[in-house]
1. Largest first, what is the accessible-area ranking of A:Asp54, B:Asp17, B:Asp49, B:Asp55 with a 1.4 Å probe?
2. Per residue of A:42-48, what is the mean number of Cβ atoms on other protein chains within 10 angstrom of that residue's Cβ?
3. What's the lysine pair count for chain A at a Cα cut-off below 25 Å, pairs eight or more apart or interchain?
4. When the dipole is taken about the Cα centre of the range B:7-82, and only Lys, Arg (+1) and Asp, Glu (-1) are charged at their Cβ, what size is it in debye, to the nearest 20?
5. Which of the lysines could a cross-linker bridge to B:Lys71, judged by Cα under 18 Å and excluding same-chain residues fewer than eight apart?
6. Let a ≥ b ≥ c be the square roots of the eigenvalues of the Cα gyration tensor of the range B:32-107; is it rounded (a/c under 1.5), or, if not, prolate (a/b larger than b/c) or oblate?
7. Using Cα pairs closer than 8 Å and at least 6 residues apart in sequence, work out the relative contact order for chain A, in percent.
8. Could you work out what % of the accessible surface of chain B is carbon and sulfur, using a 1.4 angstrom probe and leaving DNA, RNA and ligands out of the count?
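The values are calculated or read from the model by the stated rules, or taken from the named source; none is laboratory data. Every value quoted in this text rests on a predicted model; they were computed, and no experiment measured them. All Cβ positions, even for glycine, are placed from backbone atoms using ideal geometry, and neighbour counts span all protein chains on display. Heads up: the accessible areas ignore ligands, DNA and RNA and are worked out on the full protein's heavy atoms, side chains in. Shrake-Rupley method; radii C 1.70, N 1.55, O 1.52, S 1.80 Å.
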Amino acid sequence: DGGITQSPKYLFRKEGQNVTLSCEQNLNHDAMYWYRQDPGQGLRLIYYSQIVNDFQKGDIAEGYSVSREKKESFPLTVTSAQKNPTAFYLCASSPRLAGLDTGELFFGEGSRLTVL
Amino acid sequence: GESVGLHLPTLSVQEGDNSIINCAYSNSASDYFIWYKQESGKGPQFIIDIRSNMDKRQGQRVTVLLNKTVKHLSLQIAATQPGDSAVYFCAEYPRGGYNKLIFGAGTRLAVHP
């Protein structure tokens, strides 16, 4: 089945450690996104990528980094510079830059990161 | 389970009743809107969308209404079922800003038998 796979589903990290969250899609979508979700808040955009080897900062990019070496993969690294990394992280994709056709984003199941 | 939505406004309805979830959007230049449903521990799922040249759009058991004058969006769910229990988010695309979908805080819908 086509879809978006995020791993791991749950992750614990000690303060000062970097951690990388995986996001893979087999939908052949051009655009991919990372969102962060905190209790009582909507989703906030961290980074997005319209095409391989290109990505742009979203609203809360500080303390995060991404790469887009392959069309199907868009890993997110939460660095030690991120001051409050405990959150639910959601990866999404869309056929092209959303809005030009349908604006629908297809989401993965999420990764919950807890910093101890 | 997922702790998202602990402090969200909650709408409680009886099974079989109609539900109306409201959303005030922020940007008068936004011209494309989407409703998403998020069940506990899962990613959001697309429900329905509407562009600013429309006031109303219907899907299966769902209707979205757009009032651009007061920047208000609503999602109506007919004959609400227990499976409709979830957090519902409205999201907006600013005109020309189709790289950035802006999400609202969400509303929790609790359906009681």
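1. Details: A:Asp54 50, B:Asp17 75, B:Asp49 20, B:Asp55 100 Å².
The residues order as B:Asp55, B:Asp17, A:Asp54, B:Asp49, largest area first.
2. Working: counts 13, 13, 2, 5, 0, 0, 3.
The per-residue average across the peptide is 5.
3. Numbers: A:Lys9/A:Lys57; A:Lys9/A:Lys70; A:Lys9/A:Lys71; A:Lys9/A:Lys83; A:Lys14/A:Lys83; A:Lys57/A:Lys70; A:Lys57/A:Lys71; A:Lys57/A:Lys83.
Here the count comes out as 8.
4. Computed charge dipole of the range B:7-82: roughly 180 debye.
5. Cα-Cα hits under 18 Å: B:Lys56.
6. Details: a/c = 2.16, a/b = 1.30, b/c = 1.66.
Oblate.
7. Numbers: 298 pairs, mean separation 40.7, N = 116.
Dividing the mean separation by the residue count of chain A yields 35 percent.
8. Numbers: 2560 of 5390 Å².
Answer for chain B is 47 percent, counting heavy atoms of protein chains only.
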